[in-house]
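In what follows, a single structure is set out as structure tokens and then discussed.
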Amino acid sequence: MDFTKEIFYVMNIIGIVAFALTGSLKAIKEGLDLLGITVLGVMTALGGGITRDLLINTVPNALKSLTDMSVALLGVWLAIVIYKVAKGDIKNKYYILIPDAIGLSAFTTTGALIAYNADVSFFGIVILATLTGVGGGIISDLLLGKVPSVLRDDFYASCSIIGAVAFYIAVTLTGDLTVSSVVCSLTVLMIRIVAILYNWRLPKFQ
């Protein structure tokens, strides 16, 4: 179990940095000032986890730990450094999409682990894992006054759903949370990268 806790810790750090980075770069592209960049970066990084913890009646870890907020701010700083190094040229979508895929993978996994330990049902695991993965992005889009892209034009939340199902199947068959975590994270990451490369979209009805 200690090793599983270590995996959770590492995944959580990866997810926070990746999402703070992508949220901040999104804010920079939208022309927000330093405060706006910081708020959007932090909320993208921590919003999903905070919402998940509230749903399971737990004080959000982001409000208890100095680590989460510190790492989120580090991600914001990293985004600003990348912007400066790239000399303002962040039009390449992969600056945002690849770190975002990594964050989605990591946060879906941490959400699945927390949901499993909260002793919720299969649907509870899928919902909480997906919410952890996509919640921060939804909040950042709402702060920017946009319809969340996860609901509109991308194969994104579906990756979290598939990963959470893979986690549940793996933990049911093996009973090993470490193996299940690896299965979940790799599933989400691989599907998301393929979706980016081949521009996958869910069907729309108009």
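The values are calculated or read from the model by the stated rules, or taken from the named source; none is laboratory data. Because the structure is a prediction, the values reported are computed rather than measured. FYI the Cβ positions are ideal-geometry reconstructions off the backbone, even for glycines, and counts take in every protein chain you see. Surface areas here come from the heavy atoms of the whole protein model, side chains and all, with no ligands, DNA or RNA. Shrake-Rupley method; radii C 1.70, N 1.55, O 1.52, S 1.80 Å.
Observations on the model:
- Selection within segment 133-151: residues that are open to solvent by less than 20 Å² (accessible area, probe 1.4 Å) and more than 21 Å from residue 12 (Cβ to Cβ). The member of this set that is modelled with the lowest pLDDT is 148.
- Residue 115 satisfies every condition listed in (1) open to solvent by less than 50 Å² (accessible area, probe 1.4 Å); (2) at positive phi except (2).
- Residue 192 being among the charged types (D, E, K, R), surrounded by 17 or more Cβ atoms within 10 Å (Cβ to Cβ) and in contact (Cβ under 8 Å) with a residue 24 or more places away in the chain: yes
- Among the residues of segment 18-54, the ones that are over 17 Å from the mean Cα position of the chain (by Cα) and in contact (Cβ under 8 Å) with a residue 40 or more places away in the chain come to 4 in all.
- Residue check for residue 196: modelled with pLDDT of 95 or more and assigned to a helix (DSSP H, G or I): no
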